[in-house]
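One structure below.
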Amino acid sequence: MPRPVRRIAFLRSVEIRRADPYIQRCVRDLSRIGVESCLFHTHGTADDADFPGARRRLDAAVTPAELAREVEEWGADAAVSLSLPCENALRDATVKELLDARGIPTVMSPLPTTLALYDKWETKRLLVRAGLDTPRGFKADSDLLAGRGVAVPAYADALRASAAAIGGPLLSKPLWDSTSMGIRALPDAAALDAYLADPPEVSAVIEECVAGALCSVDIVGEPGAYQVLPVCWTGTAGTEPVFTFADLRWCGPRPGAVADFAPVAAKLTALCEELQVRGSVNVDMIYTGSRYVILEINPRIGGATTLSCAASGTNTFTALADMARGVYDPAPVRRKGWAIEFLSPERLPESVRAELTARLNLVTAHELVIDDTSHGDIVVFTLAEGDERQTVKQLEELHRATGWPRQEILDKTRALLTP
């Protein structure tokens, strides 16, 4: 029998607007069946259009104990984590420990799982054990490199030898960061020497640079019931890190890649079972040849969640709320056409937004704010297979009339839909 859940607390760090329009649909559906929702958020602003339920803005420095107390005092019967990036997911996993102990079940992966997946080196070890491809690499301990603590004179030379065994170019990735922050390119031995002579303050994973197509996939569910959403294509992997939203991001027909992903999906699902994942995880990958090379598994919803929901006709936020209510019953997920996302550096004028809505199946167009900085508007739209040329025509006409979207975006969309 489903648990009697009448109040669900949603925990959030970044702007809730990035969950548009799926969080609004989820909250409205809950309201129709008599379930109240409250957003406990530490960043951004929110009004009824962003979250049509109760809202509490908390200080960004709120502790897990304080957040748990706020949720309990509101009278939540259950809670759901919607936070990102990973440091905020770790906060929510800690809150889960506190709320679960108070009889308020929280949809979030267990704390040990979240800690392991937040740590890139631990994640790499889990991937290898699960039989999944991951870039060859090694851990670089910042304390040993900087001479803090025990003295290990040969440590830098040991890392040089490890790097020589892999070959170049290499990338250094902070052990505890996410969203491509802090990545450094190490193209040759001289760059590695400079890195070792002046190491960063934090430990890192140093790994081979794999070239190919960047992609990601969200896995949603709980032990015994997982949904693997469609693979989203997010850019090109190279020797230099790029802004997460810099390129056209899309989900659409790619039969060979889908077939190649099937055994990878099975292994990832088995790993989720082993780790007792509950909620959502986001897997970053590179597709090269016929291989998927797993870069990391983020213990949280992903930056492409809206895109994968749009492509599959699913709602990750509804799935999480169903888990909170004890009624989660996932159906098989199938891609339902194309979904395309791009960042427009300029804010969309209302006249252009209205024209875009009239011409395309617009999913969302909202401001992207990261660390209180606006990056323009994120635009997501969908189309059915067979409508590619008509969609390109509509975008070309819109560009001629308004200058929007930019020529670069128009060219990339045309090349994708009408190669």
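The values are calculated or read from the model by the stated rules, or taken from the named source; none is laboratory data. As the structure is a computational prediction, the values presented were derived from the model and not from experiment. We place every Cβ from the backbone using ideal geometry, glycine too, and count neighbours over all the protein chains shown. Surface accessibility is based on the protein's heavy atoms, side chains included, excluding ligands, DNA and RNA. Shrake-Rupley method; radii C 1.70, N 1.55, O 1.52, S 1.80 Å.
At a glance:
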{"item": "Listing of strands (runs of 3 or more DSSP E) fully contained in the stretch 301-402 that carry 2 or more residues being closer than 30 Å to Gly224 by Cα", "result": "338-344"}
{"item": "Residue list for the stretch 203-215, filter: of a type in the set (Gly, Ala, Ser) and open to solvent by less than 10 Å² (accessible area, probe 1.4 Å)", "result": "Ala204"}
{"item": "The stretch 39-55: number of residues that are surrounded by 15 or more Cβ atoms within 10 Å (Cβ to Cβ) and within 24 Å of the chain's Cα centre (by Cα)", "result": "11"}
{"item": "Criterion (touching a residue at least 24 places away in the same chain (Cβ under 8 Å) and over 24 Å from the mean Cα position of the chain (by Cα)) met by exactly one of Ala401, Ala415, Ala324, Ala358", "result": "Ala401"}
{"item": "Residue in the stretch 253-273 that is of a type in the set (Ser, Thr, Tyr), out of contact with any Phe, Trp or Tyr (no Cβ under 7 Å at 6 or more places or on another chain) and open to solvent by less than 60 Å² (accessible area, probe 1.4 Å) present", "result": "no"}
{"item": "Residues that are of a type outside the set (D, E, K, R) and in contact with a strand residue (DSSP E or B) (Cβ under 7 Å, 6 or more places away or on another chain), drawn from the stretch 169-180", "result": "Pro169, Leu170, Leu171, Ser172, Pro174, Leu175, Ser178"}
{"item": "Matching residues, the stretch 181-209, being β-branched (Val, Ile, Thr) and at pLDDT 95 or above", "result": "Val205, Ile206"}
{"item": "Criterion: touching a Lys or Arg at 6+ places or on another chain (Cβ under 9 Å), in a strand (DSSP E or B) and either modelled with pLDDT of 95 or more or open to solvent by 10 Å² or more (accessible area, probe 1.4 Å) (or both) - qualifying residue of Ala89, Ala79", "result": "Ala79"}
